[in-house]
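Chemist: Handing you this structure, nothing more for now.
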There are 2 protein chains.
Amino acid sequence: MTSLGIGTLAKRAGVRIDTVRYYERSGLLVPESRLESGYRRYSEAELTPLRFIRRAQVLGFSLKEIGELLALSKARNVARVKHAAELKLADVEKRIASLVRMRDALSTLVNTCSGHGDPADCPILKALGGEDWNEH
Amino acid sequence: MTSLGIGTLAKRAGVRIDTVRYYERSGLLVPESRLESGYRRYSEAELTPLRFIRRAQVLGFSLKEIGELLALSKARNVARVKHAAELKLADVEKRIASLVRMRDALSTLVNTCSGHGDPADCPILKALGGEDWNEH
DNA sequence: CTTGACCCTGGACCATGATCCAAGGCGTAG
DNA sequence: CTACGCCTTGGATCATGGTCCAGGGTCAAG
């Protein structure tokens, strides 16, 4: 059975060695074994949780949340994994709604600003400095 | 003309005193004046940039970006203000697109997961752990 | 055996966005 | 005048997610 050193594991997963050790310190990725010398040895299978971490990060999960997901995964608790994904989905949707409001406000400002003339007539300056902002 | 102490300003904007001073250290919010004693004095008008900071933060802007927006407002250069607003708009749109991708991925996973049964059949666990993910 | 690549630990350092503390000054009500 | 609350400064601390370094040990090829 092939086992990997930390450098190989890191390279294959596309992360830095220090990052792998950081994940280990954070309790996310414990090596399968150690040599007498202390060298970490990983099985090929360890690539999966490591990639899981990266992908879950892309989906907006924090390392802490990812730790919980990994624990759930080990516990083989499908219902709770789904629940965590639903919570994160709701969170992402709230963030999108917020940004959409901001985009609409910025877009209106940009479209109504001539780009020249009296600063007092610039809708962007008026909106940044004024009282008449849409409170979130 | 009414002027406010830092405590009153902070309370009215819903932030901590330390946070106001932190924003000042970060160059975002310089008090209108100081008393002989060193006490900061703010005009009522300072509430606007302070509230702007909070709103922009909620929408995902960093303090550094907010500083740039506020600086533009002070520079009162219509063309540059408009240009910066356009850049921010593009940035917001990129953030939205990224979150939408995140949402779609999560949504698909949640909708195809039964929430029970064999973890080996859980699409969330499979997607996060598997090899067959769209690398971004 | 020597060389170079790799690995170990522990701790420092980075940026971000705060929050909190100590030691002392200020301001106002009673 | 005294007390109490608010204010000042600089620096420490926190959490997050790493990155980097020193000083040393290990491993594999030549």
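To keep it simple, each residue is scored yes or no on (1) of a type outside the set (Asp, Glu); (2) within 17 Å of A:SER73 (Cβ to Cβ); (3) touching a Gly at 6+ places or on another chain (Cβ under 8 Å).
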| site | (1), (2), (3) |
| --- | --- |
| A:ALA10 | yes, no, no |
| A:GLY14 | yes, no, no |
| A:TYR22 | yes, no, no |
| A:ARG25 | yes, no, no |
| A:PRO31 | yes, no, no |
| A:TYR39 | yes, no, yes |
| A:THR48 | yes, yes, yes |
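Chemist: Now, a different point. Taking only pairs six or more apart or across chains, which ones have beta-carbon atoms under 8 Å, a first residue in the range B:1-29 that is within 14 Å of chain A (Cβ to nearest Cβ), and a second residue that is among the basic types (Lys, Arg) and away from DNA strand C (no atom under 11 Å from the Cβ)?
Modeler: Correct list of pairs: B:ALA13/B:ARG51.
Chemist: Among the listed residues A:ILE17, A:ILE53, which satisfies the condition of being closer than 15 Å to A:LEU70 by Cβ and within 11 Å of DNA strand D (Cβ to nearest atom)?
Modeler: Every option except A:ILE53 fails the conditions.
Chemist: Filter the range A:32-49 for residues that are surrounded by fewer than 20 Cβ atoms within 10 Å (Cβ to Cβ) and within 10 Å of DNA strand C (Cβ to nearest atom); which is farthest from the other protein chains (Cβ to nearest Cβ)?
Modeler: For the range A:32-49, the residue satisfying everything is A:SER37.
Chemist: Go through the range A:68-78 residue by residue and tally those that are open to solvent by 70 Å² or more (accessible area, probe 1.4 Å) and of a type in the set (S, T, N, Q).
Modeler: So the answer is 0.
Listed here are the residues, each with its yes/no results for (1) open to solvent by 70 Å² or more (accessible area, probe 1.4 Å); (2) more than 30 Å from B:ALA85 (Cβ to Cβ); (3) away from DNA strand C (no atom under 16 Å from the Cβ).
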{"position": "A:ARG51", "(1), (2), (3)": "no, yes, yes"}
{"position": "A:VAL58", "(1), (2), (3)": "yes, no, yes"}
{"position": "A:ILE66", "(1), (2), (3)": "no, yes, yes"}
{"position": "A:ARG80", "(1), (2), (3)": "yes, yes, yes"}
{"position": "A:LEU99", "(1), (2), (3)": "no, no, no"}
{"position": "A:SER107", "(1), (2), (3)": "no, no, yes"}
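Chemist: In addition: Quick one: in the range A:13-25, which of the residues that are part of a helix (DSSP H, G or I) and more than 11 Å from DNA strand C (Cβ to nearest atom) is nearest to A:ALA45 (Cα to Cα)?
Modeler: Among residues in the range A:13-25 that are part of a helix (DSSP H, G or I) and more than 11 Å from DNA strand C (Cβ to nearest atom), the one nearest to A:ALA45 (Cα to Cα) is A:ALA13.
Here is a yes/no grid of residues against (1) on the phi > 0 side of the Ramachandran plot; (2) at the interface with another protein chain (Cβ under 8 Å from one of its Cβ atoms); (3) out of contact with any Lys or Arg (no Cβ under 8 Å at 6 or more places or on another chain); (4) assigned to a helix (DSSP H, G or I):
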residue: B:LYS82; (1), (2), (3), (4): no, yes, yes, yes
residue: B:LEU87; (1), (2), (3), (4): no, no, yes, yes
residue: B:ILE96; (1), (2), (3), (4): no, yes, no, yes
residue: B:ARG103; (1), (2), (3), (4): no, yes, yes, yes
residue: B:LEU109; (1), (2), (3), (4): no, yes, yes, yes
residue: B:HIS116; (1), (2), (3), (4): no, yes, yes, no
residue: B:LEU125; (1), (2), (3), (4): no, yes, yes, yes
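The values are calculated or read from the model by the stated rules, or taken from the named source; none is laboratory data. Fair warning: this is a prediction, and the values are worked out from it, not measured in the lab. Quick reminder, even Gly has a Cβ in these numbers, built from the backbone with ideal geometry, and neighbours come from all protein chains shown. Protein only, heavy atoms only, side chains kept; ligands, DNA and RNA dropped before computing areas. Shrake-Rupley method; radii C 1.70, N 1.55, O 1.52, S 1.80 Å.
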